[in-house]
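Only the coordinates and a few stated rules stand behind these numbers; no lab work does. Here the structure is a predicted model, which is why all the values come from computation and not from measurement. Cβ atoms come from the backbone with ideal geometry, glycine included; neighbour counts cover every protein chain shown.
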Amino acid sequence: MKAMLLASTVSVALLATGAALAQESITVNIGSSHPEQNIWVYAMKNTFQPTVDKILAEAGEYEIDWSEAYGGTLYKYTDTREAVQDGIVDVGMVGTVWEGSTMPLQNVTYFTPFATADHKMIIEIFDDLNVNQPDLAKSWEDSNMVPLSSLITDSYDVYATFPVNAMSDLQNRKLNAPGTSANWLQGTGATPVDGALTTYYTNIQTGVTEGTLSFASGILPTRVYEVAPELTRVGIGSMYFGELAANKDFFDGLPEPVQEAFREAGKATSKAHGEYVAELAAKAMDEMQAAGLTVHELSDAEKQKWVEGLPDIVQPWLDQTGDAGKAVLAAYFSALRERGATPLRNWDEGR
């Protein structure tokens, strides 16, 4: 009897060991240039990773050993593309807003402001276009990356040391305007200064700039409202900022079930990201106003002056991107109108 019990115990132990061995562990280096409380990184940490873990745990064949490098420990905001493209991280936040020369097609929203403030719509559109619009899909492939989930902003407005009651108030002002968003200040009399959410506070505090073009969900965690206590709502719109992406060489080497888990987690991340940004933007306004932020609304007449006063800022982008840019522009505005958006300026007309 003792022998039979011993044999049974050994058999159970061997089966348990076999099951453990069958669940292969895969190390994934994941990182970002921004900290975990940032809206894009929050989605990575709190939705993408646990969703991948859940999907794989249910299948029982693979598990992920996450090696996290958030908060710019491996790369800064100027190097997001290279970090993922070159495999410094396997999965990371890619800010295409800073890649005007290397990934220009992804910046179509930044050349067509005042299109829509619906950030969830922007997520939906670019989750589709990045995979199904041939030129965008090829751009990701050529950059050795696999797009997984669209990263966006809520609508851009002016956070500054002064209110904007009329367009004349922008004359001779210096505002942080990252990357291609500098185009939105053409014709306004203001001078754009490059930067990122991680640099705005110090820039404004030290007088390098007097404010920034930015969005509530990004301003709250960086506390920029403390040094830029005047918010003027101008409704420049929500923007496609970049992507949660995987290094293509790494991704192609993953087992198919893990690839599929990544794709499914990317979809879940897009949905959660949109909801989180909506919640945080509303919370941000409450908290910032309680802390002393004053909110102003630019009148429709002055806003129209801004929109109409902009030069044809999309044409230089089209000159740079050629037929591919025309195709992306057409696909983007078609997607906007199909979803009920009414852009304040039809940047695609006559192209």
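Counting other C-beta atoms within 10 Å, and keeping those with at most 14, which DSSP coil GluC sites (Glu not before Pro) do you find in the stretch 277-349?
For GluC sites (Glu not before Pro) across the stretch 277-349 that sit outside H, G, I, E and B with at most 14 neighbouring Cβ atoms in 10 Å, the list reads Glu349.
Once you list every other residue whose beta carbon is under 15 Å from the beta carbon of Asp252, what net charge do they have if Lys and Arg are +1 and Asp and Glu are -1? Intermediate results must be reported in sequence, preceding the final value.
Numbers: positive: Lys248, Arg263; negative: Asp90, Glu141, Asp142, Asp249, Glu256, Glu260.
Charge balance in the 15 Å sphere: -4.
With a point put 7 Å past each Cα toward its Cβ, work out how far Asp53 is from Gln23 in nm, to one decimal.
Calculated label separation equals 1.2 nm.
State the antiparallel share, in %, of DSSP beta bridges confined to the chain, rounding to the nearest 5.
Expressed as a percentage, antiparallel bridges in the chain total about 50.
Can you tell which of Val28, Val277, Val84 shows the greatest fluctuation in a Gaussian network model of the chain with Cα springs below 10 Å?
It is Val28.
Report the net charge of residues surrounding Gly235, where surrounding means a beta-carbon distance below 15 angstrom and charges are Lys +1, Arg +1, Asp -1, Glu -1. Numbers along the way, then the final one.
Details: positive: Arg233, Lys303, Lys305, Arg345; negative: Asp118, Asp154, Asp157, Glu297, Asp300, Glu302, Glu308.
Around Gly235, the charge tally is -3.
Any idea what the dipole of the stretch 184-278 comes to, in debye rounded to 20, about its Cα centre with Lys/Arg Cβ at +1 and Asp/Glu Cβ at -1? Could the numbers behind the result be given before it?
Numbers: 6 positive and 11 negative charges, 51 e Å.
Dipole magnitude for the stretch 184-278 comes out near 240 debye.
Go ahead and collect, in residue order, the members of the stretch 273-306 whose backbone nitrogen is under 17 Å from a label point 7 Å along the Cα-Cβ direction of Arg339.
Within reach of a label on Arg339: 273-279.
Compute the distance in nm between two label points, each set 7 Å from the Cα along the Cα-to-Cβ direction, one at Thr102 and one at Ala330.
So the label points at Thr102 and Ala330 sit 3.0 nm apart.
Hey, which of these cross-link pairs are over 29 Å Cα-Cα: Lys45/Lys76; Lys174/Lys248; Lys120/Lys174; Lys174/Lys326; Lys174/Lys271; Lys76/Lys120?
Beyond 29 Å: Lys174/Lys248; Lys120/Lys174; Lys174/Lys326; Lys174/Lys271.
Asp252 versus Thr191, label points 7 Å from Cα toward the beta carbon: distance in nm?
With each label placed 7 Å out from Cα toward Cβ, I get 4.7 nm.
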